[in-house]
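Undergrad: Mind having a look at this structure? Questions to follow.
The values are calculated or read from the model by the stated rules, or taken from the named source; none is laboratory data. Everything numeric in this text was worked out from a predicted model, so none of it was measured. In this analysis, Cβ positions are derived from the backbone assuming ideal geometry, glycine residues included, and neighbour counts consider all displayed protein chains. The area values use the complete protein model at the heavy-atom level, side chains included, leaving out ligands, DNA and RNA. Shrake-Rupley method; radii C 1.70, N 1.55, O 1.52, S 1.80 Å.
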Amino acid sequence: HAKAAGGGVYAGYRPQMRDGLIERLELESDLRGALERGELRLHYQPTVDLATHEVVGFEALVRWPHPTRGMINPLDFIPIAEATGLIVPLGRWVLHEACRQAVEWSRAAGGRPLKMSVNVSVRQFDQPDLAETVAAVLADTGMAADLLCLEMTESVLMTDTEANLEQLVRLKALGLTLAIDDFGTGYSSLAYLRRFPVDTLKIDRSFVERLGVLADDTALTDTIVRLGKSLGMATVAEGIEEFGQLAALREMGCSYAQGYYFSRPVPAAEAGRLFMEGAPV
Ligand code: C2E
Ligand code: MG
Ligand code: MG
Ligand code: MG
């Protein structure tokens, strides 16, 4: 069959596979260059207090404006960065830029505290000096540790559990907060949740999306909020798009939310204005 299609090449070969590989190599070298030239950007999505609709902070989300391919979605280049190790310098840049920006906005707003959340890849936990890197960024930018939140997925809890637990304890010792991102989509056990020094659960968008539509999802979301409460953790709902979802989550006692209903992730200038205005969104 392979012979009929291409002639003389190994079975299972398809031209798209080669194109895919070339495209990947090209993207990888482009990404390396973009990082070195400082071409990556951060967009910021507000985190809103569900009781007051006030913007309490932002999540930093990386963007890659590619010269010929247009804006590349992080879901399309973070995996490449992870596979090549580029995620380490990239992650350090994101952290530094997000903290620098948070301090700048907070100062401009007369010292009003601003919480900044930064996504940390499971690959960054392979770096034994992760906590030192974070400490250096805090010192260099003047960011208060208790205003920084690091978001990680459940995979951090489930892979290299002992080593990562140690990393999390060292990060916690810096005084920052830790959140589990996309909570409910992974396989972390409740026992792990208690063992790890986690402060916040971010309820995955897939649950929020079906709130009020599927009774099971509503029950699951309610359960996650209660779980957070009983463990003394804050809950943040991701991906609120409609008023009904907001109302349901507020009813459940969820503390914070993000989503297009309030604001999409926006470029720095716009996010700065949102924060300065200090008005409910
Ligand atoms: P995440 O951390 O779970 O971020 C939430 C994603 O959901 C963002 O996508 C955001 O734009 C999107 N979103 C927010 N509200 C809504 C909504 O109401 N509806 C819908 N449909 N989507 C919403 P984005 O910016 O494309 O980022 C995707 C993922 O890429 C992030 O998921 C995160 O896992 C990863 N990522 C982004 N920036 C970084 C980074 O600096 N470092 C690392 N390691 N990963 C990052
Ligand atoms: Mg996140
Ligand atoms: Mg998330
Ligand atoms: Mg998510």
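Undergrad: Tally the DSSP beta bridges in the chain and give the antiparallel ones as a percent, rounded to 5. Could the numbers behind the result be given before it?
TA: Details: 15 of 36 bridges.
Bridges in the chain that DSSP calls antiparallel: roughly 40 percent.
Undergrad: Any idea what the dipole of the range 18-165 comes to, in debye rounded to 20, about its Cα centre with Lys/Arg Cβ at +1 and Asp/Glu Cβ at -1? Walk me through the intermediate numbers first.
TA: Working: 13 positive and 23 negative charges, 104 e Å.
Here the size comes out at about 500 debye.
Undergrad: Still on this structure, please answer the following. Dividing the Cα radius of gyration by the Kirkwood radius, what Rg/Rh value follows for the range 134-221?
TA: Expressed as Rg/Rh, it is 1.06.
Undergrad: Shifting gears a bit: Using the 2.2 N^0.38 Å rule of thumb for compact globular proteins, work out how the range 50-126 stacks up: its C-alpha Rg over that value, please.
TA: 1.31
Undergrad: On to the next question. Across the chain, how many lysine pairs, 8 or more apart or on two chains, come within less than 19 Å at their alpha-carbon atoms?
TA: Eligible lysine pairs with Cα atoms under 19 Å apart amount to 4.
Undergrad: Please list, in chain and number order, the residues 5+ apart from GLU154 or on another chain whose amide H is under 5 Å from its amide H, with Hs placed from the backbone.
TA: ASP181
Undergrad: Percent of accessible area on the range 97-185 owned by carbon and sulfur, 1.4 Å probe?
TA: Whole-percent figure for carbon plus sulfur exposure: 54.
Undergrad: Long-range amide H contacts for HIS66: which residues qualify at under 5 Å (H placed 1.01 Å from N, peptide plane, sequence gap of 5 or more or a different chain)?
TA: MET71, ILE72
Undergrad: For the range 215-281, what ratio Rg/Rh do Cα atoms give with a Kirkwood hydrodynamic radius?
TA: The Rg/Rh ratio comes out at 1.05.
Undergrad: Next question, about the same structure. Give me the net charge of ALA136's neighbourhood, meaning all other residues with Cβ under 11 Å from the Cβ of ALA136; Lys, Arg count +1, Asp, Glu -1.
TA: -2
Undergrad: For the range 150-281, what size does the Cα cloud have along each of its three principal axes, sorted from largest down, in whole Å?
TA: Over the range 150-281, Cα extents along the principal axes are 41, 39, 22 Å.
Undergrad: Apply the Karplus curve 6.51 cos²θ - 1.76 cosθ + 1.60, θ = phi - 60°, to the phi angles in the range 152-159 and return the couplings in whole Hz, x for Gly and Pro.
TA: 9, 8, 4, 4, 5, 6, 8, 10
Undergrad: Right, another one. Keeping all protein chains in place, calculate the accessible area per residue for the chain (probe 1.4 angstrom), answer in Å². Don't skip to the end; give the middle numbers.
TA: Working: 13950 Å² over 281 residues.
Ligands and nucleic acids excluded, the figure is 50 Å² per residue.
Undergrad: So if the hydrodynamic radius of the range 99-156 is defined as the Kirkwood radius over C-alpha pairs, what does Stokes-Einstein give as its diffusion coefficient at 10 °C and 1.306 mPa s, in µm² per second?
TA: Once the numbers are plugged in, D ends up at 129 µm²/s.
Undergrad: Same structure again: Could you check how many percent of all C-alpha pairs in the chain are farther apart than 23 Å?
TA: When every Cα pair of the chain is considered, 58 percent fall beyond 23 Å.
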